[in-house]
Amino acid sequence: MNAREQGRQAARSLTTVLALSGIAVVGGMGVSLYTGIEAAKAATVGTGSGVGASQSSAPLSRSQDQDGQAVQGGQDDDGTQAQQAAPAAGSSSSGSSSSSGSSSSSGSSGVSAGFGFPQTSSTGS
Amino acid sequence: MTEAFWALGRASGVVLLLLMTVSMLLGLLTRSGRPLVRLPRFGVLLAHRNIALLSVVFLGVHVVSLLLDPYAQLKLIDVVVPFGAARAPIAVGLGAVALDLMLAVAITALLRRRLGHRVFRVVHWAAYVLWPIALLHGVTAGSDGRSLPFLALSAFTATAVGAAVVWRMTDHFVEYRRIRTEPAR
């Protein structure tokens, strides 16, 4: 193998390594984020806030943007346009819920997907 | 299922930033005419081209996954025409500008022989604009944009590219410039 072939092979190997690493990172990080989101949804619905938290099927974990403000719009999982995105998790049942009296859920759900996954909090009373 | 597309979009965006950074650094190294450890000069150029094309593939994954995510409210036209998106028009628009520039750079590079070296070179300068716009898009539009790990990654990549660009502007950037410019004795 001459020098030219070796150089070509080295460039090809570098590209292959980067491509495979990229796929692995996307796969790993994607799965991690996805499971984090699902866990957060389950935790929010489970601990949550009774009637209010489950009223909208918009993704709960994306109910707030980076500034913590409720995001308007979006679609439900079944593809229909949501009238309003879910407010901050748990806050939709403001005040005491009629079905469960005063809910005791408080504090953050504590679920994090690692890479800056926005934590949801439920502070119903 | 929509969350899967969202997660894929976020992850591919992060990898895309890294690949674009590596491609940018290798492009600058190519221009300097220097080899890289075990890579000869032409190998650096080859790796730069391959990784740039790989970036385009990951860009495709990033865009398609976000188009399929209904929460992103992204239309096909928002991907190519900047600042018209329903959600976060400025931040998404920066991504559209970066995509347009990236496609221009990639297409002119692929058609370099037909278009001529001058056109290729002029359009290739857009890479210096494209990279910071893409970084800004990641910080402003990304769900992870203001998280500590992403900010650290952004700072690291910005430092690497910034240092390489500063090196690009120095006198000793091109390996054989002195030999080329020295008058024959």
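Listing for the model above:
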quantity	calculated
Residues being among the small types (G, A, S), in a helix (DSSP H, G or I) and open to solvent by less than 40 Å² (accessible area, probe 1.4 Å) - total across the stretch B:142-157	1
B:H117 vs. criteria buried (at least 22 other Cβ atoms within 10 Å of the Cβ), within 24 Å of B:A164 (Cβ to Cβ) and not polar (S, T, N, Q)	no
Residue ranges of helices (runs of 4 or more DSSP H) in the stretch B:52-126 with at least 1 members more than 23 Å from B:T30 (Cβ to Cβ)	B:76-80, B:89-110
Residue that is most open to solvent (accessible area, probe 1.4 Å) [pool: residues in the stretch A:1-48 that are more than 21 Å from the chain's Cα centre (by Cα) and small (G, A, S)]	A:A3
All positions within the stretch B:100-145 that are under 23 Å from B:D78 (Cα atoms) and among the charged types (D, E, K, R)	B:D100, B:D144
Those residues of the stretch A:31-44 which are at the interface with chain B (Cβ under 9 Å from one of its Cβ atoms) and in contact with a Ser or Thr (Cβ under 8 Å, 6 or more places away or on another chain), in sequence order	A:G36, A:I37, A:K41
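Yes or no, residue by residue, for (1) within 15 Å of the chain's Cα centre (by Cα); (2) more than 8 Å from chain A (Cβ to nearest Cβ); (3) open to solvent by less than 20 Å² (accessible area, probe 1.4 Å):
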| position | (1), (2), (3) |
| --- | --- |
| B:F5 | no, yes, no |
| B:G9 | no, yes, yes |
| B:V15 | yes, no, yes |
| B:M20 | yes, yes, no |
| B:T30 | no, yes, no |
| B:P40 | no, no, no |
| B:N50 | yes, no, no |
| B:I77 | no, yes, no |
| B:P82 | no, yes, no |
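The values are calculated or read from the model by the stated rules, or taken from the named source; none is laboratory data. Model, not experiment: these values are computed from the prediction. Backbone-built Cβ (ideal geometry, glycine too); neighbour counts: all protein chains shown. SASA here: full protein model, heavy atoms, side chains in, ligands and nucleic acids out. Shrake-Rupley method; radii C 1.70, N 1.55, O 1.52, S 1.80 Å.
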